[in-house]
Structure formats: structure tokens, C-alpha cells
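Following: one structure in C-alpha cells, then a few remarks.
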Amino acid sequence: MSGLRTSALAGTVAAAALLTLVAPSGAAVAATGRSSSGEKHCTVRPNQREAACFDTFPQAIAHATNGAVRLPAGARTVTQQQLDAGMAATGFRVNGANGANGANGATVIAVIYNDSNFGGHSFTFVKDHGCDGDWGTVEFEEGNLRYFNDNTGFNWGDEIGSAQEYAGCHGIYYEHSWFNTRKSGRTVEGVWSGGWMDDEASSIRWV
């Protein structure tokens, strides 16, 4: 496809598959124990080489947005309206389709969950800009979700059960790594939960 802009994360995560726990400020910290459910909620910002994993989804979103979006305790999802409100309240560009706030820009484009109905482990994808609405151009891609691990040993290959999307991005989820559907031809697009792609996706493109 023309205009392909591959995500920098695909290379950096491949080079450093083990994730380091970091504080919301970016400073490294020791693990502080696991949540009672054992779930982890991870994210990586564009100016960081390694992902950060937390015990709760609100902690992950706060890190993803440089503290601009503070969700209530127990929240499992975030809305576009909440992301936009964080930007408006802080002046920090946390979401949007066109550009970002310099090196510290943080645009949430998608959140994947390992359970249906947006439950279980989560991974928040953050880029330096959103998508432009041209579905003929791939904005970002992650070719092998097995590179994404947390400190519990969980990895995302064949583990997605539901997904949300933001900032004008439209996800295409492929059954196998490197956007290969083999004989099945299986893909699923957009926001989804459960169904025949549950625990099957291994790569993603966003247009």
C-alpha cells in the first residue's frame, strides 16, 4: 500500500521483548506486587523504548497520556470524550488525528483486551498522531503480537478477545503474524468483542 508508515514500536519491542516496569514519570521502579486478579495493563509511549505495565487500567491510561487522563478506580475502558477532555483540561495533546505535541505527544489509537467485553489484561497503543481517515493508507502496523509481553509471562499472540479504537484509526486484525490469513482468510475490523476471531489475532494494521 502506498504511504506505508510502519510503527517504530515493532522494531524496538522486537529488540527488547521483556518489558520493564516504569513509573508514570518514566523512572524505573521495582514491581510492587500483582493485583488480586493477576491482570496487567501495559502501554508504551512514542518517546519510550520499553513498555510500562501496571496493575490497573486507569494507571496505564494515566501513563499513556502523561497524566492528562485520570479515570475512576475500577474503570476498564476509556472513551474518546474522556481523552479529548484530558487534552482540553491540560493543554497536552493526548488524542487527535493530525499531529502531536512535539516529542511528548501521546495519541491513544487503540486498546486491546484478552477477554471479550473489554476484560482481562489490556495493552494500550499510543502513537505520535492519529489516523487521517484514508483507508487506502496504512498508518501503523504491528506484525507479531508475540513480541508484546508483560512481567507475568503473558504475551499477546492469539490472545485478543476484544478491541477499542480511537483518533480516527480503523484496526484490521489478522489471524496470523505479518498480516497472513493463510487459507482461512480471517480478519476482523474495527471495534469488536468475542466471536470467531476471539484468541486468534496475531497482527494488526491501522488505517
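Local charge sum around residue 161 (other residues, Cβ-Cβ under 9 Å, Lys/Arg +1, Asp/Glu -1)?
Here the charged neighbours net out to -4.
What is the packing order of peptides 147-154, 72-79, taking the mean over residues of other C-beta atoms within 10 Å and listing the highest first?
Taking the mean over residues of other Cβ atoms within 10 Å, the ranking is 147-154, 72-79.
Lys and Arg at +1, Asp and Glu at -1: add these up for the other residues within a Cβ distance under 14 Å of residue 147 and post the number.
-4
Using the per-residue mean of other Cβ atoms lying within 10 Å as a proxy for protection, in what order, highest first, do the peptides 193-205, 40-52, 118-130 fall? Before the final figure, lay out the partial values.
Details: 193-205: 18.2, 40-52: 21.5, 118-130: 23.1.
Those peptides, ordered most packed to least, come out 118-130, 40-52, 193-205.
All of the numbers you see were taken from the coordinates with simple rules; none came from a lab. A quick note: this is a predicted structure, and the numbers were derived from the prediction, not measured. Every residue, glycine among them, receives a Cβ derived from its backbone with ideal geometry; neighbour counts consider all protein chains shown.
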